[in-house]
Amino acid sequence: MNSNGIVNKYSNTPVSKSSDAIFVKTTIPRKREELLKWNGWGYKDSRFLVKDGIIHFSGSRYPIGELSLPYFTQWVEDVLGVDLSKPHTSKDQPVEEECPYPLISNDNYKQIVHLNVPFSTKGIDRLMRAHGHTVYDIYTLKESFFDRIPDVVLWPSCHGDVVKIVDAADKNNMVVIPFGGGTSVTGAVECPKDEMRTIISLDTSQMNKILWVDRENLVICCESGIIGQDLERELHTMGFTVGHEPDSYEFSSLGGWVATRASGMKKNTYGNIEDLLVHVKMVTPKGVLEKNCQVPRMSCGPDFNHIVLGSEGCLGVITEVILKIRPLPKMKKYGSVVFPDFESGVRCMREVAKQRCQPASIRLMDNAQFKFGQSLRPVPGYFGLIFDGLKKLYIKKIKGFNFDSICVMTLLFEGDVKDVQMQEKKIYEIGSKFGGIPAGQTNGERGYMLTFVIAYIRDLGLEFNVLAESFETSVPWDRAVSLCRNVKYVVGEECKKLNIEHYLMAARVTQTYDAGCVIYFYFGYNYSNIKNPVEVYEQIEEKARDEIIESGGSISHHHGVGKIRRKWYPGTISAIGVQLFKATKQELDPRNVFACGNILKSKL
Amino acid sequence: MTSKYLQSFKDILTDRRTEYSNFMWISRHLDPKAAYERLIKPTPNFHKEEVLRSVKIQEIIDRISRETGLQKGKLANNVWTILNEIGFNKRLSIIRWLGFLLTKIGLQVYSGIKVNEEKLLKIKEQMGNKPVVFLPTHRSYADFIVMSYLCFTYNIEIPAIAAGMDFYSMWVMGSVLRDTGAFFMRRSFNNDHLYWDTFRQYIHQIITEGDLPLEFFVEGTRSRSGKFLVPKLGLLSMVLKPFFTAGIPDILFIPINISYDRVLEEKLFAYELLGVPKPKESTSGFFKSLSIMKENYGNLYVDFGDPISGREFFGGVVNRALHNIRPIHLQEFTEQEKSLTAKLANEIVINQQKCSVITTFNIIALALTNNYAMGCKGMKVEDLVEDVSWINDYLIHFGAHTELDSVDIQSGLKVHKHLIEITSEKTVKLVDHCVALKSIDSSKLRGHALSQDTMNSILPFVMLQLYVNPALHYISQSAMIIIILQHHKLINKDNLFTQYTFLQTLFSHEFVSCNTGSNSKFEELLQDLANVALIHCDSSGYYLSDSNKLQMFLRNNFTPFLFTYYTICNLLLQSDGMVNEKTAAATVQSQIEKLIAVRKCFIHPYCLNLDTIANAFSSLTSMEIIRKEKVDDDTFWNVNMEQLINLCCKIEVYLDAELRVDKLQPSRTVLLSSKL
């Protein structure tokens, strides 16, 4: 089939000289568990912990590090009904004997050795690559074990290695699941539990070189395994930035961004991944899919970049990506505006989008999230306390805002000093038209800090019977408010039915477009009286997603379909769409090497 | 003694009778429960402003301006005028004063206002996070006053109530009603697009952004006959649209039944049913009607059906995502949504029926009508007591909540002493009425000009029927089975089902039932009838038992409807195929008046009522036996003769022989013709 010479198994672009490449020092080691939690989010040294009944955040990586958080402690007790005196201890890291024996035949093992690519069959290496960060994944890690984990981990170091691995897998009936940063929240890297073939976890982390920089055209070529923070760090030293900052960008990889159609916080200035992507190589069992030029745009039939973008590991491995870069902005400034209610805030966001004057980031937190954000402030000094009180008094008494309806818009401005000043002026003008009042930089900065810290809260929650997760959607402007209301209602009613007394349901608008916006929901609940918390959570999220879709929202804006949202895929893209996807899969991967089963359940 | 079910009802007048000062109660602190609590309480004016600001209205103004050249500002003013005509208001002082007045009136005229409190409190508990729609039955103007008074009593926000324009034009009363939450809806469906679009948007607004419960009558109008009416879909559709288009997460429909011992408007209704024009609502008329205060109207009962959640009713069937593409204000109903809306409307009426209270007088009326139908002129008290007792048992068996379990007909009769009297021979009979026909402006007659004699003799019967009708839903379905079996003697199940479905279809505009064509409901009905030993079943099929009394009772209460339909069909048969719509009803009345006079057997005078006649024409239209046709400025019924003959034959077999047309001299004088 592939020996007829028409389909080229190898990329026909010349290999770059290794001397041009920048060997990036990776933040995350091959032994991920040395730096990262094996059973939770992020760095081992950074976590919420309870000291003397007060919650603290450890480590010095984040602005709230080493601080005592009494307001947050109070908030957790009030909203989630948590009893901080009764922590729950989870399982220890499993030892080698506890991990299932890898399913590899002797022949396959020989094939793998023969590839001459570093590999491991150690239990912990395989376990660390068996999951992403869904609530199911983390709960399973802490409480039990996965039904199926990869049998072997391979660390290719270049495009050529990947071609060899995929070829060997295709010839020897093995499965390849690409693994980048492991931050998936859709079950995308999980192994289908009834897959009996050898599963290779193809870890791209060693493919993290910046292959070349093109300053004239402002693009760089990177290998897909580079993670966000490494990429930005390297580019900053050269005076550039990609500007793609999804909330996971400390850990997530370039290949993962492409495979899920990721979106970054600062997309207003820099664009989403599809806007940033100039060229991409994907290795499939049938050969390498790529284009012959590095042009800003072209008209040549349907754009196959969009077969690669969002392919979620079903069609091949993304190996090399050419991305746009921008000179570093001279200035970065936070800001915030408070509104009397969520509806006014949304109207303001809509107007900002209409005038297309969005700063790098503009987000709107609802009241629940505003209060949550407020609770994450450290103990203020004596003067701080007075000042705090005064502000509250001003907002409440002078402006007549209701503390239970107030919401806040957080802003991040980037650019030249003058640009930023102009942007600020415009935004605050529009804000005031909708009853908003500027609320300072600190509130804005806290909002963005929250973005990175919020992911750590789940691990704290699980110590106290609280399960939390987020889910997102995109929606036309005219349905944004009703969608939020409807989804909150549905979640509230489900909780009532399930006798869930303490829960948090918060929403925020995280992105704006010409024709609509993105809504992010946070849901957490106290499962003290629930036997099967993960199933119950999944049941609630399913109801919520049904309602999202009935309220005019999408299956997902940037997390992807993965395994957890396959139910809604056919309805989203029509029956013909399903056939088209199946045909594509059949053409590129006829033996189902990429059997992760994302998007559509693959036939085994 | 009242039945167990009704014992749990609370008489809300009791506290008013015993408290030291009604005024203190009226002026108490109020923190009423809203249907949909909002962080910022929307004002009545806010709603109107939002409607004017809405994309939909702005686009319409824009379009009309482009098409006609009218200035946008002027059109906006027009919309604002319309909104001021429609929009409700809320003035607590008015509500309190009215509440005070109503307390005084209520204490005077009613023995008790009895409420299923437990159910109401449960419903109140469910309120707070979604739109709630109260759907009471409509038997009297008192209905919405009762509802508002109830809400005031139970600390529930007084609903925004859809009211007809006749109230709007009443001096002072119009604005008083508006201040207590009424909003006004024009009845005529003319081509005033600006009005209807504004009205629809107003409903959309108060559903999606409002906080008050909404209240309207799904039957569309007061049921003059006391019978449950086939629901109207207009307002219900407007209310459902925000749900189908996901503007709201859910919507709760509360079927409510208000049963009256005696309806304030009974006499008026009897006239109206016969075609004597309804006086225009006027404030002086209202004060005249204050004369009602001298009389006693017994008890009234308010009961609530199980709330119907839109989410549950349509969930899994309707895919709201079908409305995801194109703007919300440009969305239209899908065919499925339309038919399910009709199903919901029916479901609401069925639930109203289920929670209706059958008063003792309803049963007395049934017994007396039955007695008259059997040719007796009066009825011994002890016979009446006996009949009331077994009719009561029958009704209870079919799920009715009746007022009595041990027979006490005296109190039932007392409230209706103007209609029923007990003579010195202990005989119960209708009180003779004397109608001053001269005082009626004959130019305003809607029907045939009935003679003085006819009017005198029929009015008491028609009034009596007003108290039979509220219980008809416990009778009509069983009666259909009985008359089929009476004719066929022995019939297999499939055949029985076919015949039953035929009658259900024929009377689909007469008796609301959700089970037309439903096999399971049919089985249930047969089971119920077998349980009371009315019918039997063996391997050869279904047949009647010997228990003749109950069978005759069911037949007798059904026959007037069957006979009216039959007479209409026969009249149409004698026509030349084109019947003027305007005069049709009067011709039917005139024919029936004649038949009553010449026939020896009893023809119930209720057959003369215009309501049933209109229903019959609607049914014939649905069955495509007649078709509306416009010729010049007149509307005609175009008759499909072949099918009509067929229908006549099918109906005829179910009538008593002496009621069939061949027993009557063929009368060409009442020929229905387009030329007449």
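The values are calculated or read from the model by the stated rules, or taken from the named source; none is laboratory data. Everything quoted here is computed from the prediction, not taken from an experiment. Virtual Cβ from ideal backbone geometry, glycine too; neighbours counted across all protein chains shown. These area figures cover heavy atoms from the full protein model, side chains too; ligands, DNA and RNA do not enter into them. Shrake-Rupley method; radii C 1.70, N 1.55, O 1.52, S 1.80 Å.
Is it the case that the stretch A:226-242 has a residue that's hydroxyl-bearing (Ser, Thr, Tyr), touching a helix residue (DSSP H, G or I) at 6+ places or on another chain (Cβ under 7 Å) and surrounded by 24 or more Cβ atoms within 10 Å (Cβ to Cβ)? Checking the stretch A:226-242: not a single residue is hydroxyl-bearing (Ser, Thr, Tyr), touching a helix residue (DSSP H, G or I) at 6+ places or on another chain (Cβ under 7 Å) and surrounded by 24 or more Cβ atoms within 10 Å (Cβ to Cβ). The lone criterion from (1) within 23 Å of A:Asp161 (Cα to Cα); (2) open to solvent by 90 Å² or more (accessible area, probe 1.4 Å) left unmet by A:Glu98 is number (1).
Counting only residues that are more than 14 Å from every other protein chain (Cβ to nearest Cβ), touching a residue at least 40 places away in the same chain (Cβ under 8 Å) and not charged (D, E, K, R), the stretch B:120-147 holds 15 of them.
Taking the criterion of being surrounded by fewer than 22 Cβ atoms within 10 Å (Cβ to Cβ) and within 14 Å of chain B (Cβ to nearest Cβ), the residues of the stretch A:492-515 that qualify are A:Gly492, A:Glu493, A:Glu494, A:Cys495, A:Lys496, A:Lys497, A:Ala515. With the structure loaded, tell me whether A:Lys531 is within 14 Å of chain B (Cβ to nearest Cβ) and basic (Lys, Arg) or whether it fails that test. For A:Lys531, the condition - within 14 Å of chain B (Cβ to nearest Cβ) and basic (Lys, Arg) - is not met.
Only residues that are within 14 Å of chain A (Cβ to nearest Cβ), surrounded by 13 or more Cβ atoms within 10 Å (Cβ to Cβ) and part of a helix (DSSP H, G or I) were counted across the stretch B:314-350, and they come to 8.
Only a single criterion out of (1) touching a Lys or Arg at 6+ places or on another chain (Cβ under 7 Å); (2) open to solvent by 10 Å² or more (accessible area, probe 1.4 Å) is not satisfied by A:Ser46, namely (2).
The condition of being hydroxyl-bearing (Ser, Thr, Tyr), more than 28 Å from A:Gly447 (Cα to Cα) and in contact with a strand residue (DSSP E or B) (Cβ under 9 Å, 6 or more places away or on another chain) holds for only one of A:Ser299, A:Ser253, A:Ser263, A:Ser311, that being A:Ser311. Listed by position, the helices (runs of 4 or more DSSP H) inside the stretch A:122-241 whose residues that are assigned by the TED database to the domain that holds A:Val317, in contact with an Asp or Glu (Cβ under 7 Å, 6 or more places away or on another chain) and at pLDDT 95 or above number at least 2 are A:228-237. For the stretch B:617-635, a residue qualifies if it is open to solvent by less than 20 Å² (accessible area, probe 1.4 Å) and either farther than 22 Å from B:Phe507 by Cβ or of a type outside the set (A, V, I, L, M) (or both), and the qualifying residues are B:Phe617, B:Ser619. Residue-level analysis places B:Asn129 among those that are open to solvent by less than 60 Å² (accessible area, probe 1.4 Å), touching an Asp or Glu at 6+ places or on another chain (Cβ under 8 Å) and not small (Gly, Ala, Ser). Quick test for you: out of A:Glu550, A:Glu542, pick the one residue that is surrounded by 23 or more Cβ atoms within 10 Å (Cβ to Cβ), within 14 Å of another protein chain (Cβ to nearest Cβ) and of a type in the set (Asp, Glu). Among A:Glu550, A:Glu542, only A:Glu550 is surrounded by 23 or more Cβ atoms within 10 Å (Cβ to Cβ), within 14 Å of another protein chain (Cβ to nearest Cβ) and of a type in the set (Asp, Glu).
Out of B:Glu50, B:Glu19, one residue alone is modelled with pLDDT of 90 or more and within 14 Å of another protein chain (Cβ to nearest Cβ). It is B:Glu50. For the residues A:Thr269, A:Thr319, the requirement of being more than 22 Å from A:Met174 (Cα to Cα), not aliphatic (A, V, I, L, M) and not assigned by the TED database to the domain that holds A:Ala583 singles out A:Thr269.
Every test in (1) more than 14 Å from chain A (Cβ to nearest Cβ); (2) in a helix (DSSP H, G or I); (3) open to solvent by 10 Å² or more (accessible area, probe 1.4 Å) is passed by B:His204 save one, and that test is (1). Restricting A:Ala468, A:Ala439 to residues that are closer than 24 Å to A:Pro533 by Cβ and either within 12 Å of another protein chain (Cβ to nearest Cβ) or not hydroxyl-bearing (Ser, Thr, Tyr) (or both) narrows the list to A:Ala468.
A:Tyr522 meets all of the listed conditions (1) within 14 Å of chain B (Cβ to nearest Cβ); (2) at negative phi but one, namely (1). Taking the residues in the stretch A:396-448 that are open to solvent by 30 Å² or more (accessible area, probe 1.4 Å) and hydrophobic (A, V, I, L, M, F, W, C) as candidates, determine which candidate is nearest to A:Phe372 (Cα to Cα). Filtering the stretch A:396-448 for residues that are open to solvent by 30 Å² or more (accessible area, probe 1.4 Å) and hydrophobic (A, V, I, L, M, F, W, C), the one nearest to A:Phe372 (Cα to Cα) comes out as A:Phe403. Select from the stretch B:394-415 the residues that are at pLDDT 90 or above and not in a helix (DSSP H, G or I) and write down the one among them that is surrounded by the fewest Cβ atoms within 10 Å (Cβ to Cβ). Among those residues, the one meeting the criterion is B:Gly399. Counting only strands (runs of 3 or more DSSP E) that sit completely within the stretch A:259-339, those holding 1 or more residues that are over 20 Å from A:Ser157 (Cα atoms) correspond to A:277-284, A:317-324, A:331-339. Would you mind telling me which numbered condition in (1) more than 14 Å from every other protein chain (Cβ to nearest Cβ); (2) in a helix (DSSP H, G or I); (3) not hydroxyl-bearing (Ser, Thr, Tyr) A:Arg479 fails? All conditions pass for A:Arg479, except number (1). Return the total of residues in the stretch B:376-393 being in contact with a strand residue (DSSP E or B) (Cβ under 8 Å, 6 or more places away or on another chain) and open to solvent by 50 Å² or more (accessible area, probe 1.4 Å). Count: 2.
Listed here are the residues, each with its yes/no results for (1) outside the structural domain of B:Leu177 (by the TED database); (2) touching a Ser or Thr at 6+ places or on another chain (Cβ under 8 Å); (3) in contact (Cβ under 8 Å) with a residue 40 or more places away in the chain.
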position: B:Thr14; (1), (2), (3): no, no, yes
position: B:Glu19; (1), (2), (3): no, no, no
position: B:Met24; (1), (2), (3): no, no, no
position: B:Lys33; (1), (2), (3): no, no, yes
position: B:Val51; (1), (2), (3): no, yes, yes
position: B:Gln58; (1), (2), (3): no, no, no
position: B:Ile82; (1), (2), (3): no, yes, yes
position: B:Leu102; (1), (2), (3): no, no, yes
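Search the stretch B:152-169 for residues being assigned to a loop (DSSP other than H, G, I, E, B) and modelled with pLDDT of 95 or more, and hand back the single one that is farthest from B:His138 (Cα to Cα). Going through the qualifying residues, I end up with B:Asn155. The set of residues from the stretch B:358-375 being under 19 Å from B:Val462 (Cβ atoms) and either free of Cβ contacts under 8 Å to residues at least 12 places away in the same chain or open to solvent by less than 10 Å² (accessible area, probe 1.4 Å) (or both) comprises B:Thr359, B:Phe361, B:Asn362, B:Ile363, B:Ile364, B:Ala365, B:Leu366, B:Ala367, B:Leu368, B:Thr369, B:Asn370. Just name the residue that is farthest from the other protein chains (Cβ to nearest Cβ) out of those in the stretch B:227-251 that are under 30 Å from B:Val468 (Cα atoms) and open to solvent by less than 10 Å² (accessible area, probe 1.4 Å). Ranking the qualifying residues of the stretch B:227-251, first place goes to B:Lys227.
If you check A:Leu588, A:Leu580 for being without any contact (Cβ under 8 Å) to a residue 60 or more places away in the chain and away from chain B (no Cβ under 14 Å), only one passes: A:Leu580.
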